[in-house]
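Participant: Before I ask anything, here is the structure I am working with.
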Amino acid sequence: MPEHLQPVAAALTDGFPELVVEHKADDWLEVKITADQSPEFFRHVKEHPGLAFDYLSDVTAVDYIDQGLFQVVYHLVTIGTNARRRGKLRVKIDVPRDNPRVPSVVDIWPTANFHEREVYDMMGIVFEGHPDLRRILLREDWVGYPLRKDYVDQRPKRTRVTR
Amino acid sequence: MAETAVSGEVKQQAAQPAERELFLNMGPQHPSTHGVLRLKLRVDGERVLGLEPDIGYLHRCFEKIAERRQVTMVIPYTDRTDYLAAITSEWAYVMAAEKLMGVEVPERAEYIRVIVGEMQRLASHLLWFGTFALDLGATTAFLYAFRERESLFDIFQKLTGARMLYNYLRVGGVRNDLYDGFADDLLRFLDVLEDKLREYNNLLTGNRIFETRTKGVGVITAEQAIAYGASGPVLRGSGVPYDLRKVDPYSVYDRFEFGVPVGEHGDVYSRYVVRMQEFYESIKIIRQALRDIPDGPWLGDVPRRMKLNGDAYARVESPRGEVGVYLVGDGTDQPYRCHYRSPCFVHLQLLEPMGVGHLIADMVAIIGSIDIVMGEVDR
């Protein structure tokens with residue numbers, strides 16, 4: 001862990017003693033939390049003066065079907081004069097595939113609105129507390145969650161006429 | 001008398017806006033929405049009361065397709081996300097792949113990437129300038145901008161074989177070296193462009209009609225911009241000096257001297273000024289890069305059999321903002337998950353705060369100031 005990021009790692013675990021902060025090869029700090037810790041942790045990360053991660057860059061999810069879970073991934077940065085010294089934070093939350101529910105962070109970072117809608121649309125993960133959780137890229141009447149590894153196209157087969 | 005009758009009517013109108021609310025559909029086919037964007041507008045006469053973007057008309061399942069292609073085969077698909085800034089779209093992806101594979105890019109390749117990246121920024125901003133002016137009624141600017149773009153396309157075609165969707169960057173470098181005479185062609189073009197930029201500025205900046213249509217329109221504060229995840233000229237137009245090339249330098253951007261233009265008021269005019277100034281900064285970077293580019297290989301040591309392991313998130317500063325690629329590998333040569341973070345997707349959320357209270361005609365200016373490319377929004 002680079003020296004200038006030690007205080008950031010310390011601030012992250014402040015109040016969350018069991019948390020493990022890793023510094024990954026792509027220069028992002030990474031933590032894994034549970035869905036229950038999520039609302040408290042994200043508020044901490046935004047409001048703690050030593051962290052001040054005020055910018056949510058991305059919310060996405062990965063389907064680890066072999067392990068039976070979805071992993072929701074958040075990328076957070078600080079915008080500010082000492083942005084370099086605050087590092088970049090990746091937060092991962094594992095949720096079970098049979099009941100994927102995660103608290104929404106829209107009231108903390110309004111930008112999460114569209115990101116969470118896209119994750120719901122593509123993976124079927126429900127973001128609890130989202131003001132308007134519905135499909136965004138696909139048609140409203142689409143059946144299924146395409147980015148899941150076990151997705152099968154439910155549309156009826158069309159007869160193809162070859163010329 | 002007549003006066004009180006009129007004021008009575010006006011009072012009644014003011015009291016019942018909901019009864020006169022009209023649902024107006026703008027798009028998905030519309031000359032000013034820049035692609036297949038549908039806006040569901042609630043209007044009272046011409047004033048916008050609320051709006052909701054409806055997207056997905058250009059969804060082409062990029063992320064699902066990327067899971068079934070080998071690493072290099074995904075690159076042409078990344079071109080087609082933000083098709084007006086193909087180089088930066090490719091760049092984010094190859095940077096993420098390089099981090100997963102631990103591949104180092106040789107210096108010459110990095111300089112080439114910077115040069116074509118900034119050329120791409122010029123081309124993209126030229127198109128933005130032309131279509132933005134066209135939307136506001138200044139038709140001539142469109143043709144001028146495209147004339148300049150043609151010169152850039154000629155250079156790109158000689159270099160990469162394609163005018164717009166290059167498939168040029170590779171994991172570990174670029175596909176081929178610069179051709180003989182590249183620097184001369186490019187420097188000659190830059191001189192012409194600097195000349196023309198003076199002309200373009202004269203057309204719009206300082207023009208009373210243009211200023212009335214853009215000043216004070218579509219304002220967002222710096223706090224709103226940060227909260228809504230704005231990036232690029234949209235964020236900088238509100239006064240936040242955040243440019244990934246400076247704050248989180250990638251490639252060899254830390255070797256060049258260039259400024260980061262920042263707007264003052266967060267309105268359409270500020271975003272316009274930021275992009276116009278970015279032309280000059282890109283020209284500066286290209287000149288420095290052409291002067292300092294070292295000799296050497298243009299493609300690094302990349303294993304024949306590529307194996308992606310782990311996960312990485314790479315961000316680049318595209319002409320539209322922060323493009324990010326979150327790539328997850330599973331030990332094979334195909335990505336397990338390739339997520340593309342699109343700046344315009346995020347900026348669409350800003351349309352409502354920017355547009356409410358303005359006229360429909362102002363909506364056109366606001367959409368133009370965000371510089372939307374639907375290919376990137378829908379992927």
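Participant: Tell me, please, whether a residue that is touching a Leu at 6+ places or on another chain (Cβ under 7 Å), within 19 Å of B:Gly355 (Cβ to Cβ) and within 14 Å of another protein chain (Cβ to nearest Cβ) can be found in the range B:211-224.
Facilitator: So far as the range B:211-224 goes, yes, one or more of its residues are touching a Leu at 6+ places or on another chain (Cβ under 7 Å), within 19 Å of B:Gly355 (Cβ to Cβ) and within 14 Å of another protein chain (Cβ to nearest Cβ).
Participant: Confirm whether A:His75 is within 14 Å of another protein chain (Cβ to nearest Cβ) and under 28 Å from A:Pro131 (Cα atoms).
Facilitator: So A:His75 passes the test.
Participant: Name the residue that is nearest to the other protein chains (Cβ to nearest Cβ), counting only residues in the range B:319-334 that are under 18 Å from A:Thr60 (Cβ atoms) and of a type in the set (Val, Ile, Thr).
Facilitator: Out of the qualifying residues, it is B:Val328.
Participant: From the residues in the range A:43-59 that are within 14 Å of chain B (Cβ to nearest Cβ) and in contact (Cβ under 8 Å) with a residue 60 or more places away in the chain, which one is farthest from the chain's Cα centre (by Cα)?
Facilitator: Ranking the candidates gives A:Lys46 first.
Participant: I've got another one for you. State all residues of the range B:240-254 that are crowded, with 16+ Cβ neighbours inside 10 Å and either part of a loop (DSSP other than H, G, I, E, B) or free of Cβ contacts under 8 Å to residues at least 12 places away in the same chain (or both); if no residue qualifies, say none.
Facilitator: Residues satisfying the conditions are B:Val240, B:Tyr242, B:Asp243, B:Val247, B:Asp248, B:Tyr250, B:Ser251, B:Val252.
Participant: Under 20 Å from the mean Cα position of the chain (by Cα), at pLDDT 90 or above and under 30 Å from B:Lys307 (Cα atoms): which single residue out of B:Ala86, B:Ala133 fits that description?
Facilitator: B:Ala86
Participant: Take the range B:242-290 and flag every residue that is within 14 Å of another protein chain (Cβ to nearest Cβ), of a type in the set (D, E, K, R) and within 17 Å of B:Ile112 (Cα to Cα).
Facilitator: Answer for the range B:242-290, where residues must be within 14 Å of another protein chain (Cβ to nearest Cβ), of a type in the set (D, E, K, R) and within 17 Å of B:Ile112 (Cα to Cα): B:Arg245, B:Asp254.
Participant: Let me ask something else about it. For the range B:85-97, what are the residues that are over 17 Å from B:Gly331 (Cβ atoms) and within 14 Å of chain A (Cβ to nearest Cβ)?
Facilitator: Within the range B:85-97, B:Ala92, B:Tyr93, B:Val94, B:Met95 meet the criteria.
Participant: Would you confirm whether or not the range B:309-316 contains a residue that is away from chain A (no Cβ under 14 Å) and more than 17 Å from the chain's Cα centre (by Cα)?
Facilitator: No; the residues of the range B:309-316 include none that is away from chain A (no Cβ under 14 Å) and more than 17 Å from the chain's Cα centre (by Cα).
Participant: Scan the range B:53-101 residue by residue and report those that are touching a strand residue (DSSP E or B) at 6+ places or on another chain (Cβ under 8 Å), outside any helix (DSSP H, G or I) and among the polar types (S, T, N, Q).
Facilitator: Answer for the range B:53-101, where residues must be touching a strand residue (DSSP E or B) at 6+ places or on another chain (Cβ under 8 Å), outside any helix (DSSP H, G or I) and among the polar types (S, T, N, Q): just B:Thr81.
Participant: Looking at the range B:309-348, which of the residues that are surrounded by fewer than 24 Cβ atoms within 10 Å (Cβ to Cβ) and acidic (Asp, Glu) is nearest to A:Phe70 (Cα to Cα)?
Facilitator: B:Asp330
Participant: Report whether or not B:His347 is within 30 Å of B:Ile209 (Cα to Cα) and within 13 Å of another protein chain (Cβ to nearest Cβ).
Facilitator: yes
Participant: Something else about it: Would you check which residues across the range B:73-113 are of a type in the set (S, T, N, Q) and under 24 Å from A:Lys24 (Cβ atoms) and list them?
Facilitator: B:Thr78, B:Thr88, B:Ser89
For (1) crowded, with 16+ Cβ neighbours inside 10 Å; (2) not basic (Lys, Arg), each residue gets a yes or a no:
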{"site": "B:Tyr111", "(1), (2)": "yes, yes"}
{"site": "B:Phe146", "(1), (2)": "no, yes"}
{"site": "B:Arg149", "(1), (2)": "yes, no"}
{"site": "B:Asp154", "(1), (2)": "no, yes"}
{"site": "B:Gln157", "(1), (2)": "no, yes"}
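Participant: Another question about this same structure. Condition first: within 14 Å of chain A (Cβ to nearest Cβ), in contact (Cβ under 8 Å) with a residue 40 or more places away in the chain and either buried (at least 24 other Cβ atoms within 10 Å of the Cβ) or out of contact with any His (no Cβ under 9 Å at 6 or more places or on another chain) (or both). Can you find one or more residues in the range B:358-368 that meet it?
Facilitator: no
Participant: Among the residues in the range A:108-122, are any out of contact with any Cys (no Cβ under 7 Å at 6 or more places or on another chain), within 9 Å of another protein chain (Cβ to nearest Cβ), outside any loop (DSSP other than H, G, I, E, B) and surrounded by fewer than 20 Cβ atoms within 10 Å (Cβ to Cβ)?
Facilitator: Within the range A:108-122, not a single residue is out of contact with any Cys (no Cβ under 7 Å at 6 or more places or on another chain), within 9 Å of another protein chain (Cβ to nearest Cβ), outside any loop (DSSP other than H, G, I, E, B) and surrounded by fewer than 20 Cβ atoms within 10 Å (Cβ to Cβ).
Participant: Follow-up question, since we're still on this one. Identify, from the list B:Glu264, B:Glu223, B:Glu257, the residue that is free of Cβ contacts under 8 Å to residues at least 60 places away in the same chain, part of a loop (DSSP other than H, G, I, E, B) and farther than 24 Å from B:Asn202 by Cα.
Facilitator: Being free of Cβ contacts under 8 Å to residues at least 60 places away in the same chain, part of a loop (DSSP other than H, G, I, E, B) and farther than 24 Å from B:Asn202 by Cα holds for just one of B:Glu264, B:Glu223, B:Glu257, which is B:Glu257.
Participant: Determine whether A:Val62 is free of Cβ contacts under 8 Å to residues at least 12 places away in the same chain, of a type outside the set (S, T, N, Q), within 14 Å of chain B (Cβ to nearest Cβ) and under 20 Å from B:Leu100 (Cα atoms).
Facilitator: Against the criterion (free of Cβ contacts under 8 Å to residues at least 12 places away in the same chain, of a type outside the set (S, T, N, Q), within 14 Å of chain B (Cβ to nearest Cβ) and under 20 Å from B:Leu100 (Cα atoms)), A:Val62 qualifies.
Participant: Picking from B:Thr131, B:Thr139, which residue would you name as being under 19 Å from B:Arg163 (Cβ atoms) and either away from chain A (no Cβ under 14 Å) or among the small types (Gly, Ala, Ser) (or both)?
Facilitator: B:Thr131
The values are calculated or read from the model by the stated rules, or taken from the named source; none is laboratory data. Remember, it's a predicted structure, so these values are computed and weren't measured experimentally. Counting neighbours? That spans all protein chains shown, and the Cβs are built from the backbone with ideal geometry, glycine included.
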